Amino acid sequence: ERIAFKGESFTALWDGFPVTKGHLLLVPQRHVPKWGDLGKDERVALMQAIDEAQNLLTKRHSPDGFNVGVNLGRAAGAGIVHHVHVHLVPRWNGDTNFMSVVGDVRVLPEDLGLFGALTIGEHHVDT
């Protein structure tokens, strides 16, 4: 079941492609592409849903923090560009997965200095 909980004007869904366990999408019932296209009551309901979702995820997964975001437009990383939604991503101290949330980029926690030198193509580069 993808539905975590529902409100009068939104549904909280477990993300189908989560970047961390507990990644939720807060989706308004009304189909609009931009945050500003939502009515004031819909925006307030979504903000209150963030609180409810944080409480649920805190009880369920005990994260150390959260990322809350809205990707508006494909260039901003929106996978569903025609239906605005809020991402709530639980975070833990030491995780490094945030970049995939904002730009489909992976972070390498290693210090490149540990490798001593890099080889780029045919060129040897000292670090």
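Only the coordinates and a few stated rules stand behind these numbers; no lab work does. Being a predicted model, the structure only gives us computed values, none of them experimental. Note that we place each Cβ from the backbone using ideal geometry, even for glycine, and neighbour counts take in every protein chain shown.
Amide H contacts under 5 Å for T11: V27, Q29, restricted to partners 5 or more places along the chain or on a different chain, H placed in the peptide plane at 1.01 Å from N. Per-residue 3J(HN,Hα) values for segment 38-53, derived from phi via the Karplus relation 6.51 cos²θ - 1.76 cosθ + 1.60 with θ = phi - 60°, read 6, x, 4, 4, 5, 5, 4, 4, 5, 5, 5, 5, 4, 4, 4, 5 Hz in sequence order (x marks Gly and Pro). Between F5 and R30, the distance separating the two model label sites (each 7 Å from Cα on the Cα→Cβ line) works out to 2.3 nm.
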